[in-house]
Amino acid sequence: MSGVARPQGVVNLADGEWHRLHPASPLLRGGLVFIAVLGFIIANLRERVIEIFLAIFAPESSAPIDAEYGEWQQDWANDPVGGIVMNGLVGWALLALAAIIITVVIGFWLSWRMHTFRVTHEAVEVRSGILFRSHRSARLDRIQGINVNRPLFARLFGTAKLEISVAGQSANVQLAYLGSTLADALRADVLRLASGARAERAHGAAVPAAADGRTDASALVSPGLVAEPGAVQEPAAEAAGADGATGQRTPVSARAGALVTQRVDEFLAPELDPDLAPPESVVHLPIGRVIGSTVLGGSTIWAIILVAIIVVGVTSGQMWVLFSFVPAAIGLVSYMWSRITKSLRYSIAGTPDGVRIGHGLLSTGNQTIPPGRVHAVEATQWVFWRPFGWWSVRINVAGQSVSASGDAAQRTIVLPVGTAADVHRVLALLLPDAAAEVETLVDAGLVGRGDAGGFSVTPKRAAWLRPFSWKRIGLAETAGVAVIRRGALIRSLSLVPLARMQSVARSVGPIERALDLATLRLHTVTGPVSAVLPVADRAVATALFERLAHEAIERAASDTSHHWGAAAAPDAAAETAPGAPAEAAPGAPAEAVPGATASRAEPPAGASAAPADETEPRHVV
Amino acid sequence: MPEAPAPELQPEDGVHDEAGLPEASDTGWLRVSPKYVLVEVVGSIVGMLIFVGIALGAHFLLHWEWALWVAGAIAVVSLVGIAFEPRRVRSIQYRLRADDLLFRRGIMFQRQVAVPYGRMQLVDITRGPVARALGLADLKFVTAAASSAVTVPGLPMAEADRLRDELVALAESRRAGL
């Protein structure tokens, strides 16, 4: 990698070499905690320290201190500072403190030094650890999603945390922290590699596109998109020359902007990089709706119950109630608060490499879900949301669910709150293959009942088990997606792409058997969505069981969406063509130049790997 | 004791070589070994003895009058359960179809699961002390979904080994994405 053109020192991190993280990483990862702990200790010891200083420097005021003197000497556990001072160990204590600080600093430096990563064509590898070395390698084709998070402090340093989730418990690969722009570029590179599109090909296409994108916006009809495979090389070569020119220019203009301006720009920049994603989010989330939906949400009920318990407890003099329920109340409030803040500046948009969801005001984050990674989708409507027509959408994805920590749980929420029209748009993004077919079922699924929209009908005798919702319970199947509608108080519509359904089960309990009913369960990877069709007619359930089991096998065998870049339909290439310049733009010219050489070394890239029936090479993605 | 290592994860290329598939013709519904009844019965009796023992201990040591009734109730329920054990074990059936494994069990609570071979993440063979004495083993078929959990208990050891190898081979040839 030559340093020909590195705007803001950008290098290509996905070049297969070992790289280090941002130098501020240890501080951001552990240092802030260390400082916070130190601050906490000092704050707690403040009074005692002041007393001690009084005792030492103003002995005349130490009369009350003397009484406690003997006690201090014994009471090390509760009052280490008192013990240290009274035993004349101040010097040793300071020395120990200095030693600790030096050790921590050296530790930080070493951990930064030893923490390296590389992105090859097969895997992302991370080596870390000082005494206990670890080497983690995640296969690119197993990537389930990429999250770029920018906590507030990290944003102040202009850094971001890149997290690559793969299927498996705590198997995520974290790169914390990277330079903000580098993280975005790396994500684009990893996604491109993971898409199955050969890097050389992608680079070959990226070069002309990138050159056009930055030199002349009108030249969007890039020569790289012509139908003939062999034609790629020539414009690539030209573009390499052109890039040399732009490369000379860019650093100058970049240096012109001061660091502060850059930080402010980064801070104000939209979470979804307009170069990478279509600038308009398909869903707009007004702040009023976010706050209203949270206040009307299910957690409000818990808040009311908690407040009632606390009030009753306090008025009746049961003080233990305070200790047991106040922490819960604090937790609830912080949950609601984080829900609101995380929903601010929410955006969702489709990119060639999957759905991009961004959110957050001060601490921002965005997540990319590549195509073919969504195992189940559910739109739910809590009863209080019904007058407003609000829905929320959650998904099951592999590798992030079982231990539903707040952050991971947050990630499964695709749409915090939106209208039915928003649900339509989000579903179209999440299930692109079946968007048109599912579209016709959504309205009937969200609010319909009975056989509206082609859902299976639940017999009236099911009312014994589901008195309110039996009319809504139904299943429809279209274009390889099973759609289950149920729930009256909490309306729910779950969609399961059969290509990723793990198994299907039919169960019959004693009461169900008496009523000739059965329950059908569609098993997917663990997550907030459970696709269950309760109290279906037994014959219908059996027929559905057989059909879904068969259909799942068929769909799984023909599904290629996990290698979305490798299988290039001609029309797909045409569709994504407008996105091509945008896609390539963040990969700075520096990466394009070697890419072009590589493409010349291995020509005509499209022809070697593409299926025989493919008429056009896949240049984008 | 996991005996079957998960097949090495490989990038699936989307091309399934239909010619080279190990063929799984429909086996029809197969039952587990009748000897498995003994495993269940021993398990039930041990459980029963423990709980009845606790209840009797409470009765004689702590002089809780009602504990005697609890002990009696536990004993009756367990004995009724044991009486139904042969019927329950007969209800445990599995079936290898062309592309998926079917499993069903239960009399009161019936459950039937269909798991495509391609979804297999690993196969586990476990043997408890009683099962080992009888030469039986449990075969567990694990997918990425925790709720799939298909465990075929009470297979003769040789049959369990054979089935494991067959399932691994089938899964390998029909490998799908996650």
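The residues listed here are B:174, B:95, B:127; of these, the one that is touching a Leu at 6+ places or on another chain (Cβ under 9 Å) and modelled with pLDDT under 90 is B:174.
Scanning region B:76-135 for residues that are in contact with a Ser or Thr (Cβ under 6 Å, 6 or more places away or on another chain) and without any contact (Cβ under 8 Å) to a residue 12 or more places away in the chain gives a single hit, B:111. In region A:529-548, the condition of being assigned to a loop (DSSP other than H, G, I, E, B) and assigned by TED's automatic domain parsing to the domain that holds residue A:391 is met by at least one residue. Does residue A:293 count as exposed (fewer than 15 other Cβ atoms within 10 Å of the Cβ), polar (S, T, N, Q) and at pLDDT 80 or above? Answer is no for this residue.
Screening residue B:171 with (1) in contact (Cβ under 8 Å) with a residue 60 or more places away in the chain; (2) more than 14 Å from every other protein chain (Cβ to nearest Cβ) gives one miss only, at (2).
Could you list, in sequence order, the residues of region A:510-531 that are surrounded by fewer than 19 Cβ atoms within 10 Å (Cβ to Cβ) and at the interface with chain B (Cβ under 7 Å from one of its Cβ atoms)? Of everything in region A:510-531, just one residue is surrounded by fewer than 19 Cβ atoms within 10 Å (Cβ to Cβ) and at the interface with chain B (Cβ under 7 Å from one of its Cβ atoms), namely A:510. Restricting the search to strands (runs of 3 or more DSSP E) fully inside region A:398-509 and requiring at least 3 residues that are free of Cβ contacts under 8 Å to residues at least 60 places away in the same chain and either away from chain B (no Cβ under 14 Å) or closer than 23 Å to residue A:388 by Cβ (or both) gives A:474-478, A:481-486.
Could you list, in sequence order, the residues of region A:109-142 that are of a type in the set (Gly, Ala, Ser) and out of contact with any strand residue (DSSP E or B) (no Cβ under 8 Å at 6 or more places or on another chain)?
A:129
Let's see how each residue does on (1) in a helix (DSSP H, G or I); (2) closer than 29 Å to residue A:144 by Cα:
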{"residue": "B:138", "(1), (2)": "no, no"}
{"residue": "B:141", "(1), (2)": "no, yes"}
{"residue": "B:146", "(1), (2)": "no, yes"}
{"residue": "B:151", "(1), (2)": "no, yes"}
{"residue": "B:155", "(1), (2)": "no, no"}
{"residue": "B:160", "(1), (2)": "yes, no"}
{"residue": "B:167", "(1), (2)": "yes, yes"}
{"residue": "B:172", "(1), (2)": "yes, yes"}
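The values are calculated or read from the model by the stated rules, or taken from the named source; none is laboratory data. A quick note: this is a predicted structure, and the numbers were derived from the prediction, not measured. All Cβ positions, even for glycine, are placed from backbone atoms using ideal geometry, and neighbour counts span all protein chains on display.
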